[in-house]
Amino acid sequence: MNVLVLTTLTPFRHGRAEELTSQLVRHMKLHGVNAEAMRLPFKAHPPERLLDEMFIFKSLKLYNVDRVVSLAFPAELVPFESRSCWMLREYQQAYDYCETLEAAAGQGSRAETIKDALIRNETQSLQSAKHLFAGSSTAQAQIQRFHGLSSDLLLPPLSDPELFESTGDDGYILASGRIGAAERLFPLIDAMKLVSPSVRLVIAGQPENPLDAEKLRERVHEAGVEGRVAFEPQAAQSREALAGLVGRARAVVSLEDDADPSAGLFMEAFQASKPVLATTGWARNIVNDGEAGIVSEVTPEALADGMRTLLESPNRAMNMGAAGHERWRSLKVDWPTTVERLLA
(Lines give C-alpha, C1' and ligand atoms only; values in the text may rest on other atoms or scores of the structure.)
Protein backbone atom coordinates (compact mmCIF):
# COMPACT_ATOMS: atom_id res chain seq x y z
CA MET A 1 0.00 0.00 0.00
CA ASN A 2 1.29 3.46 -0.94
CA VAL A 3 0.63 5.96 1.85
CA LEU A 4 1.28 9.68 1.49
CA VAL A 5 1.62 11.82 4.63
CA LEU A 6 0.52 15.34 3.71
CA THR A 7 1.65 18.39 5.64
CA THR A 8 2.90 21.92 5.06
CA LEU A 9 6.38 23.36 4.71
CA THR A 10 8.08 26.48 6.00
CA PRO A 11 11.48 26.57 4.24
CA PHE A 12 14.57 26.25 6.44
CA ARG A 13 12.58 25.53 9.59
CA HIS A 14 12.74 22.21 11.42
CA GLY A 15 11.01 21.63 14.74
CA ARG A 16 8.71 19.25 16.58
CA ALA A 17 6.13 19.20 13.78
CA GLU A 18 8.70 18.17 11.20
CA GLU A 19 10.17 15.58 13.56
CA LEU A 20 6.74 14.05 14.16
CA THR A 21 6.12 13.80 10.42
CA SER A 22 9.45 12.05 9.90
CA GLN A 23 8.78 9.64 12.76
CA LEU A 24 5.32 8.80 11.40
CA VAL A 25 6.76 7.94 7.99
CA ARG A 26 9.59 5.94 9.56
CA HIS A 27 7.24 3.85 11.67
CA MET A 28 4.89 3.27 8.75
CA LYS A 29 7.82 1.80 6.85
CA LEU A 30 8.70 -0.38 9.83
CA HIS A 31 5.07 -1.52 9.70
CA GLY A 32 5.65 -2.73 6.13
CA VAL A 33 3.94 0.24 4.46
CA ASN A 34 5.38 2.08 1.47
CA ALA A 35 5.14 5.60 2.92
CA GLU A 36 6.59 8.99 2.25
CA ALA A 37 5.91 12.59 3.27
CA MET A 38 4.81 15.36 0.95
CA ARG A 39 5.40 18.79 2.46
CA LEU A 40 3.58 21.56 0.64
CA PRO A 41 4.67 25.22 0.80
CA PHE A 42 2.14 27.45 2.51
CA LYS A 43 1.88 31.18 3.26
CA ALA A 44 -0.97 32.70 5.27
CA HIS A 45 -0.12 36.39 5.43
CA PRO A 46 -1.81 38.70 4.69
CA PRO A 47 -5.08 36.96 5.68
CA GLU A 48 -6.50 37.40 2.18
CA ARG A 49 -3.79 34.99 1.06
CA LEU A 50 -5.67 32.19 2.83
CA LEU A 51 -8.35 32.21 0.12
CA ASP A 52 -5.74 31.66 -2.60
CA GLU A 53 -3.96 28.97 -0.59
CA MET A 54 -7.17 27.04 0.08
CA PHE A 55 -8.04 27.15 -3.62
CA ILE A 56 -4.57 25.84 -4.54
CA PHE A 57 -4.73 22.95 -2.09
CA LYS A 58 -8.29 22.00 -3.09
CA SER A 59 -7.20 21.93 -6.75
CA LEU A 60 -4.34 19.45 -6.27
CA LYS A 61 -4.70 15.91 -7.62
CA LEU A 62 -2.86 12.90 -6.23
CA TYR A 63 -1.83 9.86 -8.25
CA ASN A 64 -0.23 6.50 -7.45
CA VAL A 65 -1.49 6.78 -3.85
CA ASP A 66 -3.70 4.34 -1.92
CA ARG A 67 -4.15 6.25 1.35
CA VAL A 68 -3.51 9.79 2.53
CA VAL A 69 -2.83 10.88 6.13
CA SER A 70 -3.25 14.66 6.50
CA LEU A 71 -1.62 16.47 9.40
CA ALA A 72 -1.86 20.17 8.68
CA PHE A 73 -4.10 22.96 7.48
CA PRO A 74 -4.60 23.41 4.60
CA ALA A 75 -3.09 20.06 3.54
CA GLU A 76 -6.28 18.29 4.66
CA LEU A 77 -8.12 20.19 1.91
CA VAL A 78 -6.34 18.17 -0.79
CA PRO A 79 -9.11 15.90 -2.09
CA PHE A 80 -8.68 12.15 -1.82
CA GLU A 81 -11.25 9.44 -1.26
CA SER A 82 -9.35 7.31 1.29
CA ARG A 83 -8.00 9.82 3.77
CA SER A 84 -7.33 10.05 7.52
CA CYS A 85 -6.97 13.42 9.25
CA TRP A 86 -4.88 13.67 12.43
CA MET A 87 -5.30 17.14 13.93
CA LEU A 88 -2.23 17.73 16.09
CA ARG A 89 -1.21 20.62 18.31
CA GLU A 90 1.87 21.06 16.15
CA TYR A 91 -0.43 21.79 13.21
CA GLN A 92 -3.17 23.95 14.72
CA GLN A 93 -2.77 26.83 12.26
CA ALA A 94 -6.40 26.82 11.12
CA TYR A 95 -7.72 27.47 14.62
CA ASP A 96 -5.10 30.12 15.30
CA TYR A 97 -6.17 31.89 12.11
CA CYS A 98 -9.83 31.65 13.13
CA GLU A 99 -9.09 33.29 16.48
CA THR A 100 -7.11 36.07 14.77
CA LEU A 101 -9.77 36.65 12.12
CA GLU A 102 -12.52 36.63 14.74
CA ALA A 103 -10.75 39.39 16.64
CA ALA A 104 -10.39 41.45 13.44
CA ALA A 105 -13.95 40.89 12.19
CA GLY A 106 -15.35 44.00 13.84
CA GLN A 107 -12.83 46.31 12.20
CA GLY A 108 -14.53 46.51 8.82
CA SER A 109 -12.14 44.10 7.18
CA ARG A 110 -12.84 40.98 5.15
CA ALA A 111 -11.91 38.90 8.18
CA GLU A 112 -15.38 37.50 8.77
CA THR A 113 -15.73 36.38 5.14
CA ILE A 114 -12.30 34.76 5.19
CA LYS A 115 -13.01 33.01 8.49
CA ASP A 116 -16.34 31.67 7.20
CA ALA A 117 -14.64 30.36 4.05
CA LEU A 118 -11.92 28.70 6.11
CA ILE A 119 -14.38 26.97 8.45
CA ARG A 120 -16.69 25.93 5.61
CA ASN A 121 -13.92 24.39 3.52
CA GLU A 122 -12.27 22.63 6.43
CA THR A 123 -15.58 21.28 7.72
CA GLN A 124 -16.34 19.76 4.32
CA SER A 125 -12.89 18.22 4.20
CA LEU A 126 -12.99 16.75 7.70
CA GLN A 127 -16.51 15.39 7.15
CA SER A 128 -15.32 13.50 4.09
CA ALA A 129 -12.34 11.91 5.86
CA LYS A 130 -12.45 8.19 6.51
CA HIS A 131 -11.08 8.77 10.03
CA LEU A 132 -10.80 11.96 12.08
CA PHE A 133 -8.37 12.01 15.01
CA ALA A 134 -7.39 14.73 17.49
CA GLY A 135 -3.98 14.85 19.14
CA SER A 136 -5.28 16.34 22.40
CA SER A 137 -8.53 17.03 24.22
CA THR A 138 -8.08 20.70 23.31
CA ALA A 139 -7.95 19.78 19.64
CA GLN A 140 -11.08 17.69 20.13
CA ALA A 141 -12.87 20.69 21.61
CA GLN A 142 -11.73 22.92 18.73
CA ILE A 143 -12.98 20.45 16.14
CA GLN A 144 -16.34 20.31 17.90
CA ARG A 145 -16.53 24.09 18.31
CA PHE A 146 -15.61 25.13 14.79
CA HIS A 147 -16.98 22.19 12.81
CA GLY A 148 -19.55 20.46 15.00
CA LEU A 149 -17.70 17.17 14.48
CA SER A 150 -16.66 14.40 16.86
CA SER A 151 -13.11 13.04 16.71
CA ASP A 152 -11.20 10.18 18.30
CA LEU A 153 -8.33 11.00 20.66
CA LEU A 154 -4.96 9.83 19.33
CA LEU A 155 -1.99 11.16 21.29
CA PRO A 156 1.31 11.44 19.42
CA PRO A 157 3.69 8.81 20.88
CA LEU A 158 7.24 9.34 22.02
CA SER A 159 9.60 9.35 19.08
CA ASP A 160 12.34 7.57 21.01
CA PRO A 161 10.87 5.45 23.84
CA GLU A 162 13.95 3.21 23.86
CA LEU A 163 15.99 6.07 25.37
CA PHE A 164 13.88 6.45 28.50
CA GLU A 165 14.48 4.02 31.33
CA SER A 166 15.23 4.25 35.02
CA THR A 167 18.99 4.37 35.61
CA GLY A 168 18.95 5.20 39.32
CA ASP A 169 17.68 7.76 41.81
CA ASP A 170 19.75 10.86 42.47
CA GLY A 171 16.93 12.33 44.57
CA TYR A 172 16.11 15.46 42.56
CA ILE A 173 12.80 16.70 41.17
CA LEU A 174 12.79 17.25 37.41
CA ALA A 175 10.66 19.73 35.47
CA SER A 176 10.55 20.67 31.82
CA GLY A 177 12.01 23.97 30.71
CA ARG A 178 10.28 23.82 27.30
CA ILE A 179 7.56 26.24 28.35
CA GLY A 180 6.65 29.40 26.49
CA ALA A 181 6.10 31.64 29.51
CA ALA A 182 8.49 31.72 32.47
CA GLU A 183 5.60 32.43 34.83
CA ARG A 184 4.43 28.81 34.55
CA LEU A 185 7.50 27.75 36.55
CA PHE A 186 7.12 30.40 39.25
CA PRO A 187 4.89 28.35 41.62
CA LEU A 188 7.33 25.46 41.42
CA ILE A 189 10.29 27.71 42.22
CA ASP A 190 8.34 29.28 45.09
CA ALA A 191 7.54 25.78 46.41
CA MET A 192 11.26 25.21 46.90
CA LYS A 193 11.14 27.72 49.78
CA LEU A 194 8.68 25.46 51.62
CA VAL A 195 10.59 22.17 51.46
CA SER A 196 13.80 20.94 53.04
CA PRO A 197 16.95 22.84 52.03
CA SER A 198 18.32 19.51 50.80
CA VAL A 199 15.70 19.30 48.01
CA ARG A 200 17.01 19.99 44.51
CA LEU A 201 15.03 21.04 41.44
CA VAL A 202 16.39 20.51 37.93
CA ILE A 203 14.75 22.29 35.00
CA ALA A 204 15.44 20.42 31.78
CA GLY A 205 16.04 22.65 28.80
CA GLN A 206 16.15 26.39 28.62
CA PRO A 207 13.70 29.28 28.33
CA GLU A 208 12.57 30.12 24.82
CA ASN A 209 13.84 33.71 24.90
CA PRO A 210 16.25 35.91 26.92
CA LEU A 211 13.40 37.71 28.71
CA ASP A 212 12.04 34.44 30.13
CA ALA A 213 15.56 33.42 31.16
CA GLU A 214 15.99 36.67 33.08
CA LYS A 215 12.57 36.30 34.74
CA LEU A 216 13.47 32.82 35.94
CA ARG A 217 16.83 33.91 37.33
CA GLU A 218 15.14 36.78 39.17
CA ARG A 219 12.50 34.46 40.62
CA VAL A 220 15.13 32.00 41.86
CA HIS A 221 17.00 34.89 43.49
CA GLU A 222 13.83 36.31 45.10
CA ALA A 223 12.95 32.87 46.47
CA GLY A 224 16.42 32.51 47.96
CA VAL A 225 16.96 29.08 46.40
CA GLU A 226 20.12 29.71 44.39
CA GLY A 227 22.24 26.60 44.36
CA ARG A 228 19.16 24.38 44.71
CA VAL A 229 17.63 25.09 41.29
CA ALA A 230 19.70 23.97 38.31
CA PHE A 231 19.09 24.63 34.63
CA GLU A 232 20.21 22.01 32.13
CA PRO A 233 20.16 23.73 28.70
CA GLN A 234 21.67 20.73 26.89
CA ALA A 235 18.39 18.87 27.38
CA ALA A 236 16.81 21.27 24.87
CA GLN A 237 19.23 20.07 22.18
CA SER A 238 19.79 16.41 23.01
CA ARG A 239 17.17 13.76 23.72
CA GLU A 240 19.96 11.58 25.11
CA ALA A 241 20.78 14.28 27.67
CA LEU A 242 17.10 14.61 28.57
CA ALA A 243 16.77 10.84 28.92
CA GLY A 244 19.71 10.84 31.33
CA LEU A 245 18.04 13.48 33.51
CA VAL A 246 14.71 11.64 33.53
CA GLY A 247 16.38 8.31 34.26
CA ARG A 248 18.16 9.57 37.38
CA ALA A 249 15.33 11.72 38.82
CA ARG A 250 13.30 10.82 41.90
CA ALA A 251 10.16 12.21 40.22
CA VAL A 252 9.03 14.44 37.35
CA VAL A 253 6.73 17.46 37.60
CA SER A 254 4.37 17.64 34.63
CA LEU A 255 3.35 21.20 33.78
CA GLU A 256 1.79 20.40 30.42
CA ASP A 257 -1.75 21.33 29.48
CA ASP A 258 -4.31 19.62 27.29
CA ALA A 259 -3.36 21.77 24.33
CA ASP A 260 0.14 20.30 24.19
CA PRO A 261 0.33 16.89 25.88
CA SER A 262 3.92 16.36 24.74
CA ALA A 263 5.32 19.40 26.58
CA GLY A 264 5.24 18.26 30.19
CA LEU A 265 7.64 15.28 30.24
CA PHE A 266 4.93 12.95 31.55
CA MET A 267 5.30 10.55 28.61
CA GLU A 268 9.04 10.35 29.18
CA ALA A 269 8.53 9.90 32.93
CA PHE A 270 6.04 7.05 32.62
CA GLN A 271 8.20 5.36 29.99
CA ALA A 272 11.15 5.52 32.43
CA SER A 273 9.06 4.27 35.40
CA LYS A 274 9.28 7.58 37.26
CA PRO A 275 6.40 8.93 39.38
CA VAL A 276 4.76 12.14 38.21
CA LEU A 277 3.65 15.20 40.14
CA ALA A 278 0.80 16.20 37.82
CA THR A 279 -0.70 19.68 37.88
CA THR A 280 -2.96 20.29 34.90
CA GLY A 281 -3.54 18.41 31.73
CA TRP A 282 -3.68 14.86 30.51
CA ALA A 283 -1.17 13.34 32.95
CA ARG A 284 -3.69 13.64 35.81
CA ASN A 285 -5.77 10.91 34.14
CA ILE A 286 -2.91 8.44 34.43
CA VAL A 287 -1.51 9.45 37.82
CA ASN A 288 -4.78 8.74 39.65
CA ASP A 289 -3.60 10.46 42.83
CA GLY A 290 -1.45 8.21 44.98
CA GLU A 291 -1.05 5.40 42.45
CA ALA A 292 1.36 6.57 39.75
CA GLY A 293 2.28 9.83 41.41
CA ILE A 294 0.61 12.83 43.02
CA VAL A 295 -2.06 15.16 41.65
CA SER A 296 -1.45 18.74 42.73
CA GLU A 297 -2.96 22.18 42.31
CA VAL A 298 -0.65 24.80 40.83
CA THR A 299 0.17 26.58 44.07
CA PRO A 300 3.49 26.64 45.94
CA GLU A 301 1.90 25.02 48.99
CA ALA A 302 0.31 22.14 47.06
CA LEU A 303 3.42 21.53 44.98
CA ALA A 304 5.58 21.51 48.12
CA ASP A 305 3.27 18.92 49.72
CA GLY A 306 3.52 16.75 46.61
CA MET A 307 7.29 16.96 46.54
CA ARG A 308 7.54 16.00 50.19
CA THR A 309 5.39 12.92 49.60
CA LEU A 310 7.57 11.80 46.69
CA LEU A 311 10.84 12.53 48.47
CA GLU A 312 10.15 11.07 51.88
CA SER A 313 10.04 7.45 50.71
CA PRO A 314 12.24 6.25 47.84
CA ASN A 315 10.51 2.85 47.83
CA ARG A 316 7.04 4.34 47.55
CA ALA A 317 8.21 6.63 44.74
CA MET A 318 9.71 3.64 42.93
CA ASN A 319 6.45 1.68 43.25
CA MET A 320 4.48 4.64 41.93
CA GLY A 321 6.82 4.87 38.96
CA ALA A 322 6.36 1.18 38.19
CA ALA A 323 2.57 1.58 38.39
CA GLY A 324 2.73 4.56 36.02
CA HIS A 325 4.81 2.59 33.54
CA GLU A 326 2.30 -0.28 33.47
CA ARG A 327 -0.63 2.11 33.15
CA TRP A 328 1.11 3.93 30.29
CA ARG A 329 1.85 0.66 28.47
CA SER A 330 -1.78 -0.43 28.82
CA LEU A 331 -2.94 2.71 26.96
CA LYS A 332 -0.89 1.71 23.90
CA VAL A 333 0.30 5.22 23.09
CA ASP A 334 2.93 3.77 20.78
CA TRP A 335 3.82 3.97 17.11
CA PRO A 336 2.61 0.50 16.02
CA THR A 337 -0.85 1.18 17.47
CA THR A 338 -0.88 4.71 16.05
CA VAL A 339 -0.04 3.48 12.55
CA GLU A 340 -2.71 0.78 12.73
CA ARG A 341 -5.39 3.28 13.78
CA LEU A 342 -4.45 5.80 11.10
CA LEU A 343 -4.53 3.15 8.37
CA ALA A 344 -7.56 1.13 9.54
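The values are calculated or read from the model by the stated rules, or taken from the named source; none is laboratory data. As the structure is a prediction and not an experimental result, all values here were calculated from the model. For neighbour counting, all protein chains shown are included, and Cβ atoms are generated from backbone atoms with ideal geometry for every residue, glycine included. Surface areas here come from the heavy atoms of the whole protein model, side chains and all, with no ligands, DNA or RNA. Shrake-Rupley method; radii C 1.70, N 1.55, O 1.52, S 1.80 Å.
Assorted remarks:
- Amide H contacts of Asn2 (H built 1.01 Å from N, under 5 Å, at least 5 apart or other chain): Asp66, Arg67
- Stretched out straight at 0.36 nm per residue, the stretch from Glu81 to Leu153 would grow longer than its current Cα-Cα span by 23.7 nm.
- Pair Val298, Phe55: separation of 7 Å Cα→Cβ label points (nm): 4.3 nm
- Within the chain, longest stretch clear of exposed chymotrypsin sites (Phe, Trp or Tyr not before Pro) (DSSP loop, no more than 16 other Cβ within 10 Å): 64-344
- Prolate/oblate/rounded call for region 1-96, Cα gyration tensor, a/c under 1.5 rounded: oblate
- Diffusion of region 121-166 by Stokes-Einstein, at 20 °C in a medium of 1.002 mPa s and with Rh set to the Kirkwood radius over alpha-carbon pairs, works out to 177 µm²/s.
- Cα-based Kirkwood hydrodynamic radius, the chain, one decimal, Å: 21.5 Å
- Inter-label distance, nm, simple model (7 Å from Cα along the C-beta direction), Leu9/Ala213: 3.3 nm
- The calculated FRET efficiency for the pair His31 and Thr113, based on their C-beta separation and a Förster distance of 35 Å, comes to about 0.20.
- Within the chain, helix-based [θ] at 222 nm, where runs of 4 or more DSSP H residues each add -39,500 (n - 2.57), nearest 500: -13000 deg cm²/dmol
- A Förster radius of 22 Å, combined with the Cβ-Cβ distance separating Lys43 from Ala141, puts the computed FRET efficiency at roughly 0.20.
- Residues whose amide H comes within less than 5 Å of that of Leu277, counting only those at least five positions distant or on another chain, are Val252, Val253, Ser254, Ile294 (H built at 1.01 Å from N in the peptide plane).
- Averaged over its residues, the chain has an accessible area of 45 Å² per residue, based on protein heavy atoms and a 1.4 Å probe.
- Measuring with a 1.4 angstrom probe and ignoring ligands and nucleic acids, His45 comes out at about 120 Å² accessible.
- Amide hydrogen neighbours beyond the local backbone of Phe73, cut-off 5 Å, H modeled: Gln93, Ala94
- For Trp335, net neighbour charge (Lys/Arg +1, Asp/Glu -1) across residues whose Cβ lies under 14 Å away: 0
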